[in-house]
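The structure appears below as structure tokens.
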Ligand code: SDX
């Protein structure tokens, strides 16, 4: 109690919401999209099937899937003026900075899908973002490496189209490697949604004010960039590179355990999972598949990662605090092997998470009881006081 204010100890702000989209059991390491285990979706389906499931609540029939794929491919090109928009950035801009800006700028180019009260416009905005965010991501990459933009080729599947837009150059034929495309498609499935994580909560809060969907997804993209969240895949790879060899692991384990050292093992720990992140297991398997396909026999970074995981999981600090590898621990090794620079890792996370953000935004907007989000606080500042003249301060 300070001054005239008394705190109500019973005041708690549990910022939670109801949703039917994704279920996580953090203790058991379970992740379900609309009730389907992530392991089965990653094994048997493709990313656009997962997009349909997250948006519509059911797996598509063959006809529904064909129609959905067709509708998405009809929206993959971006307004030609957006190409000029990119010219405003420095070449060394971080691609995530470009993504935050260009996704937000979509509301300046696609006025006919910003009225959130119109279900048709909501659907068009959703299609446009799922279809165009990969194109913008590829453009962000090409711009930072000084190569010409590559237009989408709609005869390719979603992920092959994205790989071609990133890695094709006009001077040469480009053939998509189907094994790498399938692996990246699976990685997109793993990253598609994850309940009320920081970036999804950001999208919901922005959407609750009635902001247009492009602005909401731009807000989520900005939040995802943080190293404690989606930026962890970039940070984890940099950490593995800094550790360099298995001999250095004990030094970094000690730093991670030192309360006075801000260093944390990037790619380890989770707000919800107190068991192994089910996505990390699938990610590790995919890493081995990609390295085998590329003929990379012994990747020193993978050796460090596997040994770091082994040591950490047998250390009482990590066991007691229930810290396990999360999805970001192995993803960077895979993406680097595929040819992506570390600066693109979180961009790829954003490409995949766009559908989760949209599905969660749509669920909130279509809930007639939803109101503007307004978290409260526990005030711990000064009690009311009178203004002193400057001479008496
Ligand atoms: C993602 O929310 C989501 O769903 C996110 C995500 C998604 O799909 O959207 O899953 C994606 O963001 C995965 C997380 C990626 N971030 C990282 O890998 C960064 C490294 N990890 C952390 O910084 C950390 O684990 C967090 C941010 C993820 C969680 O931090 P918390 O909330 O502090 O974790 P906690 O409460 O479980 O921590 C328990 C203890 C704490 O110590 P004490 O205060 O009890 O003494 O473990 C410590 C933490 O300091 N701890 C770590 C650690 N993570 C937590 N110690 C060393 N290394 C770590 N990585």
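Can you tell me how many residues within the stretch 76-105 are part of a loop (DSSP other than H, G, I, E, B) and buried (at least 20 other Cβ atoms within 10 Å of the Cβ)?
The qualifying residues number 2.
Would you check if there is a residue in the stretch 184-191 being surrounded by fewer than 20 Cβ atoms within 10 Å (Cβ to Cβ) and in contact (Cβ under 8 Å) with a residue 60 or more places away in the chain? First the steps, then the outcome.
Filtering the stretch 184-191 down to residues surrounded by fewer than 20 Cβ atoms within 10 Å (Cβ to Cβ) leaves none.
Checked against the condition, which is being surrounded by fewer than 20 Cβ atoms within 10 Å (Cβ to Cβ) and in contact (Cβ under 8 Å) with a residue 60 or more places away in the chain, the stretch 184-191 yields no hits at all.
Could you list, in sequence order, the residues of the stretch 309-353 that are under 19 Å from residue 285 (Cβ atoms), within 13 Å of the ligand (Cβ to nearest atom) and surrounded by fewer than 17 Cβ atoms within 10 Å (Cβ to Cβ)?
The answer is 313, and nothing else.
Run residue 120 past the list (1) touching a helix residue (DSSP H, G or I) at 6+ places or on another chain (Cβ under 9 Å); (2) within 24 Å of residue 148 (Cβ to Cβ); (3) surrounded by fewer than 15 Cβ atoms within 10 Å (Cβ to Cβ) and report the number of the one that doesn't hold.
It fails just one condition, (2).
Given the criterion surrounded by 15 or more Cβ atoms within 10 Å (Cβ to Cβ) and closer than 26 Å to residue 191 by Cα, identify the matching residue among 246, 272.
Exactly one residue qualifies, and that residue is 272.
So which of 283, 266 ends up being farther than 26 Å from residue 182 by Cβ and surrounded by 15 or more Cβ atoms within 10 Å (Cβ to Cβ)?
Among 283, 266, only 266 is farther than 26 Å from residue 182 by Cβ and surrounded by 15 or more Cβ atoms within 10 Å (Cβ to Cβ).
Go through the stretch 27-70 residue by residue and tally those that are in contact (Cβ under 8 Å) with a residue 60 or more places away in the chain and either within 15 Å of residue 273 (Cα to Cα) or part of a helix (DSSP H, G or I) (or both).
Counting residues in the stretch 27-70 that are in contact (Cβ under 8 Å) with a residue 60 or more places away in the chain and either within 15 Å of residue 273 (Cα to Cα) or part of a helix (DSSP H, G or I) (or both) gives 16.
Conditions: (1) in a loop (DSSP other than H, G, I, E, B); (2) in contact with a strand residue (DSSP E or B) (Cβ under 9 Å, 6 or more places away or on another chain); (3) within 16 Å of the ligand (Cβ to nearest atom). Residue 379 meets all but one. Number of the miss?
If we test residue 379 against (1) in a loop (DSSP other than H, G, I, E, B); (2) in contact with a strand residue (DSSP E or B) (Cβ under 9 Å, 6 or more places away or on another chain); (3) within 16 Å of the ligand (Cβ to nearest atom), just (3) comes out false.
Scanning the stretch 204-261 for residues that are assigned to a loop (DSSP other than H, G, I, E, B) and under 19 Å from residue 317 (Cα atoms), which turns out nearest to the ligand (Cβ to nearest atom)?
Among them, the one singled out is 259.
Looking at the stretch 3-26, is at least one residue in a helix (DSSP H, G or I) and modelled with pLDDT of 95 or more?
No; the residues of the stretch 3-26 include none that is in a helix (DSSP H, G or I) and modelled with pLDDT of 95 or more.
So which residues in the stretch 269-285 are near the ligand (Cβ under 7 Å from one of its atoms) and in contact with a strand residue (DSSP E or B) (Cβ under 6 Å, 6 or more places away or on another chain)?
Result: 272, single match.
Say whether the condition of being at pLDDT 95 or above, within 16 Å of the ligand (Cβ to nearest atom) and under 20 Å from residue 335 (Cβ atoms) is met by at least one residue in the stretch 168-181.
no
Taking residue 363 as meeting all but one of (1) over 30 Å from residue 121 (Cβ atoms); (2) more than 16 Å from the ligand (Cβ to nearest atom); (3) touching a residue at least 60 places away in the same chain (Cβ under 8 Å); (4) out of contact with any helix residue (DSSP H, G or I) (no Cβ under 6 Å at 6 or more places or on another chain), write down the number of the exception.
Every listed condition holds for residue 363 apart from (1).
The values are calculated or read from the model by the stated rules, or taken from the named source; none is laboratory data. Just so we're clear, the structure is a prediction, and the values are computed from it rather than from any experiment. Virtual Cβ from ideal backbone geometry, glycine too; neighbours counted across all protein chains shown.
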